[in-house]
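Worksheet: one structure, shown below.
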Amino acid sequence: MTSIIVQALLLRALDTLPTDLRARYEQEWRADLAELSGMARLSWALGLTRASRRLRAPHQRALARTLLPVFALDAITLAVAYFAAFALRFGGDLPSRYSDLFAQTLPAAIAGGLIAVAAVRGRAVSGALLATLIVIAYVALVQPVLVNSFEGLRPLNLPASVCLIFALLAGVGMTITRAGLALLRTAAQQTH
């Protein structure tokens, strides 16, 4: 029974390591395991959780440093794409009710877009399409702007052209910014 627990702890610790470290530490830890017996094996296996956490920490910090610029550029790109979608649709002469709609939905476009891109694991085009759907759903559910009509107050929906332009510009924009960041990283690595 102890052997099963030790193996489970070993496999769990290996699974939490970054992929580039797994083969090396699997070999080392299995060799260490072969040298131990009895309760020493269990104690050693319990310590692997802490060891894998310490080994993973520098990789997590490095990943956070690489994702932060992408995250910031995605937020800027989503905001610019959303603004440009309204500007292109209305030719720069935005009616006040659509100006209100833009102002009320811009945070949803940015936050929803960042969540969408994270949900699709950073794929820019898929994230832009999902972001567009999130904004449409937000407008439909929250109804941030109401306008007078013959039937009384009704929610103002996003024009389909704004949705289409936003999806296109956000997808293309995020693809370009990510390619630019990749080129900068490659250039920086070659200079070192």
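The values are calculated or read from the model by the stated rules, or taken from the named source; none is laboratory data. Given the structure is predicted, the values throughout are model-derived calculations rather than measurements. Neighbour counts are summed over all protein chains in view; Cβ atoms, including those assigned to glycine, are modelled from backbone coordinates with ideal geometry.
Laid out as a table, the results:
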quantity	calculated
Selection count, segment 93-137, where residues are more than 18 Å from residue 79 (Cβ to Cβ) and acidic (Asp, Glu)	1
Complete set of residues in segment 113-158 that are more than 15 Å from residue 169 (Cα to Cα) and assigned to a loop (DSSP other than H, G, I, E, B)	120, 121, 122, 143, 144, 145, 150, 151, 156, 157, 158
Exclusive hit being of a type in the set (A, V, I, L, M, F, W, C), touching a Pro at 6+ places or on another chain (Cβ under 9 Å), under 25 Å from residue 68 (Cβ atoms) and in the same structural domain as residue 69 (by TED's automatic domain parsing), set 129, 181, 169, 146	181
Residues of segment 1-15 classified as surrounded by 15 or more Cβ atoms within 10 Å (Cβ to Cβ) and not small (Gly, Ala, Ser), total	4
Verdict on residue 153 being loosely packed, with under 13 Cβ neighbours inside 10 Å, free of Cβ contacts under 8 Å to residues at least 40 places away in the same chain, under 29 Å from residue 121 (Cβ atoms) and of a type in the set (A, V, I, L, M)	no
Number of the exception - residue 50 against (1) assigned to a helix (DSSP H, G or I); (2) surrounded by 13 or more Cβ atoms within 10 Å (Cβ to Cβ)	(2)
Candidate set: segment 141-150, residues that are closer than 21 Å to residue 107 by Cβ and out of contact with any Ser or Thr (no Cβ under 7 Å at 6 or more places or on another chain); chosen: the one surrounded by the most Cβ atoms within 10 Å (Cβ to Cβ)	145
Where residue 83 falls short, out of the listed (1) assigned by TED's automatic domain parsing to the domain that holds residue 131; (2) out of contact with any Leu (no Cβ under 9 Å at 6 or more places or on another chain); (3) assigned to a helix (DSSP H, G or I)	(2)
